[in-house]
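The values are calculated or read from the model by the stated rules, or taken from the named source; none is laboratory data. Because the structure is a prediction, the values reported are computed rather than measured. So basically every Cβ, Gly included, is an ideal-geometry build from the backbone, and we count neighbours across all protein chains shown. Calculation scope for accessible area: heavy atoms of the full protein, side chains included, ligands and nucleic acids excluded. Shrake-Rupley method; radii C 1.70, N 1.55, O 1.52, S 1.80 Å.
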Amino acid sequence: MKFWTLSVKGILLVLGLVLLMPQPGNAIPAFARKYGVKCYTCHTVPPALNKNGYMFKRLGYRMPPDEMDGSKPAPKITALDKDIKFSLTNSFALILQASVTDDKNIAETGATPPTATTTDSSFNLDEAALFVAGAVPDTGFSYFGHYELYQDGSNNLEQGFGVWTGGKANSSYFVKGGMIHMQEGEGTRAAMFYNLFPDPSYTLTNTDPIGFTLDQHPVGVDVGYTWASNYFKNVFAVSAKVTNGLNADGSEILSASTKNSKDVWADADYWFGPDGGVTVMFYRGSKDQIQNTGAANQFTYRPTFSRVGILGNYLFFDKLDLLGGFVRGQDDWQSVAKGPVGQYTSDSVRGEADYYLKTGTVVMARFDRSLQKIPGNPTMHSQAWGIGGEHALTQTGNVVVRASYNQEHDGDPVALLGATDKLFKLDFRFMW
């Protein structure tokens with residue numbers, strides 16, 4: 001009864017906020033304001049990118065030209081958006097997200113009783129974030145900044161970088177430097193962190209026993225090249241990043257003086273058809289690992305780790321988007337000081353189906369499964385599945401309500417215990 005009471009209150013809260021919102025024409029995100037378009041120009045439903053949104057980012061936050069029919073040379077990067085004047089309101093954006101949740105966690109304890117259960121129902125301010133981004137007119141320069149005003153009780157700089165983009169609209173290159181997300185916003189839709197669900201796919205965000213995950217934003221340099229056919233029907237792109245990597249606790253290294261070695265990430269994307277694509281990605285790095293923290297047998301060593309993945313999607317009839325992928329993880333693992341170094345391995349697969357009932361309305365379902373093993377221990381299984389629906393409450397697509405249920409079971413390959421989390425979430429997102 002408590003859960004349903006909170007859910008009803010959450011729905012009433014969302015409806016009340018919507019009634020108080022400004023009219024759609026005055027409440028659209030910065031890029032949509034700049035070009036006078038709806039959010040669907042670059043998104044299926046925000047924040048999931050479509051092919052046009054992917055190209056917009058690759059061109060340094062410049063709109064792909066309509067005249068790319070091959071009858072005349074493609075315009076230079078510096079000529080794109082040359083008639084659009086700079087405006088502060090077209091450079092800043094604000095995102096607010098609130099939710100009501102019901103969360104149940106069941107953890108295996110290895111004792112009697114064998115499990116411990118906790119439940120929590122609450123109203124939440126999930127996020128308040130400020131973005132500043134755009135291209136400097138008549139130049140190849142562009143910039144992007146993402147500052148979390150509030151998230152999980154804290155605030156911090158999430159991303160901040162500058163970009164130089166050269167070449168033409170059908171054959172361009174870029175160099176980017178600063179604090180950069182490793183995988184977020186990269187790749188075709190199945191490889192993107194920003195997606196229709198509240199959280200990214202488990203296959204992309206799984207954290208291994210040495211504390212490594214692709215969900216990070218270290219300081220580094222990113223270079224890339226993008227080729228596009230007429231009308232952008234086919235797009236081929238490659239990218240490579242060199243970053244400072246991770247600290248021993250898994251946090252990002254922000255100072256180059258902290259570590260001499262660098263982590264390397266590479267990605268190749270191919271977009272085809274109405275809105276389908278394939279991504280191949282690779283990551284290799286190392287970090288200082290503190291094993292058995294705080295115990296008498298604590299020791300340190302430097303493991304190397306790698307990720308190799310292939311992910312893709314295809315949009316059928318502009319309605320049904322099928323996504324899937326596989327990521328292989330292989331990390332050094334040492335159980336005791338000066339002991340043999342073995343390999344922690346993980347094989348994770350993901351599948352997802354998103355059906356767009358109409359523009360701005362989608363229902364979705366996904367499933368992830370992972371097999372993880374450390375030498376001498378049995379193979380542990382982890383899996384996650386979710387269902388949900390999302391609906392834009394304005395014609396521009398900048399006010400979105402979403403309901404989702406996600407269930408995740410994590411198997412710990414070290415402790416050989418597991419935990420199951422069941423989460424219902426009703427959230428509301430306003431993008432200005």
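Things to note:
- Sparse packing (at most 13 other Cβ atoms within 10 Å of the Cβ) combined with a DSSP loop state is found for the following trypsin sites (Lys or Arg not before Pro) in segment 325-376: Lys338.
- A full extension of the chain between Asp120 and Tyr405 corresponds to an added length of 101.1 nm, given 0.36 nm per residue minus the alpha carbon distance.
- In this entry, the chain is assigned a mean projected area of 22.2 nm², taken as a quarter of its C-alpha convex hull surface.
- Fraction of accessible area attributable to carbon and sulfur, the chain (%, probe 1.4 Å): 62
- Between Thr207 and Val264, the contour length at 0.36 nm per residue exceeds the Cα-Cα span by 18.7 nm.
- Nitroxide proxy distance, nm - points 7 Å out along Cα→Cβ at Tyr35 and Asp215: 2.9
- What the Cα convex hull of segment 290-432 gives, in volume per residue, is 154 Å³.
- Length released on extending from Tyr355 to Ile310, taking residue separation times 0.36 nm less the Cα-Cα span: 13.9 nm
- Between segment 158-195 and segment 410-432, the Cα center-to-center distance that results, in Å: 28
- Average accessible area per residue (Å²) across the chain - probe 1.4 Å, nucleic acids and ligands excluded: 45
- Area projected by the alpha carbon convex hull of segment 45-199, averaged over all directions, nm²: 12.6
- Set of segment 102-128 residues, backbone N closer than 14 Å to the point 7 Å along the Cα-Cβ line of Leu417: 106-118
- Given Lys85/Lys233; Lys168/Lys358; Lys373/Lys422, the pairs whose alpha carbons are separated by over 32 Å: Lys168/Lys358
- If you model segment 338-413 as an ellipsoid using its alpha carbon gyration tensor, with each semi-axis the square root of five times an eigenvalue, the axes come out at 39, 11, 10 Å, biggest first.
- Database remark: amide H of Gln216 closer than 5 angstrom to the amide H of Met182, Gln183 (H placed geometrically; neighbours at sequence offset of 5 or more, or on other chains; Pro and chain starts carry no H).
- Normalised alpha carbon radius of gyration of segment 198-261 [divisor 2.2 N^0.38 Å]: 1.50
- Axis angle, to the nearest 10 degrees, between helix 2-19 and the longest C-alpha principal axis of the chain: 20 degrees.
- Projected label points at Asn230 and Asp83, each 7 Å from Cα along the beta carbon direction, are separated by 2.4 nanometres.
- Segment 340-396-segment 220-239 distance, computed between alpha-carbon centres (Å): 27
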